[in-house]
Structures are given as structure tokens and as C-alpha cells.
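See structure below.
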């Protein structure tokens with residue numbers, strides 16, 4: 001995990017209201033009161049995060065995913081665009097976490 005990824009996860013956790021206990025190096029995930037959590041690596045965590053934050057996910061050509069939040073507050077313009085590349089799931093998870101991190105950062 002890079003420092004940027006840790007920072008994205010930190011702020012996404014704030015948006016998701018996840019209670020982080022600690023980082024587990026062996027599993028490359030956070031241990032939380034709710035279970036293991038790393039939406040950058042886990043499709044289920046990413047989709048729950050997107051649903052909780054009511055994010056819109058759209059696939060646009062050529063090979064782009066666009067994730068946005070319309071929450072009617074100061075982060076209503078939060079969005080992220082990622083190129084799909086070889087792993088469309090990874091790109092989608094990253095875009096979700098980037099938007100969630102913007103929401104979490106705005107909550108501070």
C-alpha cells in the first residue's frame with residue numbers, strides 16, 4: 001500500500017463511519033469493529049461504501065468509469081474518473097474510494 005492509498009482509506013473510513021482498530025499487514029486490510037475493511041481491494045467493501053454514500057457509477061467509453069456523489073451538501077460536486085485498463089474492478093473500486101475520501105475529508 002502506498003501512502004496515497006492509506007490516506008484515501010483513512011478519509012473513506014470517515015465517510016463510511018467505520019471504526020478502525022488497526023492495519024493488518026498480512027491481509028493488507030483494516031481490522032474494524034464491523035470486520036475486515038479495504039474497499040481498494042475488496043469488491044464487497046467498495047459496493048457497500050458506494051451504496052451507503054449513494055454514489056452514482058457510470059461506465060463511459062472509451063474505457064472510463066465515472067463515480068460521483070450528489071449529496072446536496074458541500075461535497076455535492078465530488079467525482080472521480082478512472083481508466084478501466086486491464087482490471088475494471090480495480091478501477092471502479094479506486095474511483096469509489098476517491099469520491100468517498102473527498103466526502104470524508106469534507107466531514108472534518
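How about the range 39-55: which of its residues are within 11 Å of the chain's Cα centre (by Cα), under 20 Å from residue 107 (Cα atoms) and assigned to a loop (DSSP other than H, G, I, E, B)?
39, 53
Taking the range 85-108, which residues are at pLDDT 90 or above and over 19 Å from residue 10 (Cα atoms)?
Those that are at pLDDT 90 or above and over 19 Å from residue 10 (Cα atoms): 87, 88, 89.
Output the number of residues of the range 12-24 satisfying the condition of being under 19 Å from residue 94 (Cβ atoms), under 16 Å from the mean Cα position of the chain (by Cα), free of Cβ contacts under 8 Å to residues at least 24 places away in the same chain and not in a loop (DSSP other than H, G, I, E, B).
Total meeting the criteria: 0.
Could you please let me know if residue 2 is closer than 19 Å to residue 99 by Cα, surrounded by fewer than 18 Cβ atoms within 10 Å (Cβ to Cβ) and more than 11 Å from the chain's Cα centre (by Cα)?
Taking the combined requirement at face value, the residue satisfies it.
Only one residue in 36, 27 is over 16 Å from the mean Cα position of the chain (by Cα) and either part of a loop (DSSP other than H, G, I, E, B) or at pLDDT 95 or above (or both), so which one is that?
Result of the check over 36, 27: 27.
When you scan the range 60-79, how many residues do you find that are closer than 18 Å to residue 5 by Cα and modelled with pLDDT of 90 or more?
Final tally of qualifying residues: 1.
Would you call residue 41 farther than 17 Å from residue 14 by Cα and modelled with pLDDT of 95 or more?
Yes: the conditions hold for residue 41.
The values are calculated or read from the model by the stated rules, or taken from the named source; none is laboratory data. All figures in this text were calculated on a predicted structure; none of them were measured in a lab. Neighbour counts are summed over all protein chains in view; Cβ atoms, including those assigned to glycine, are modelled from backbone coordinates with ideal geometry.
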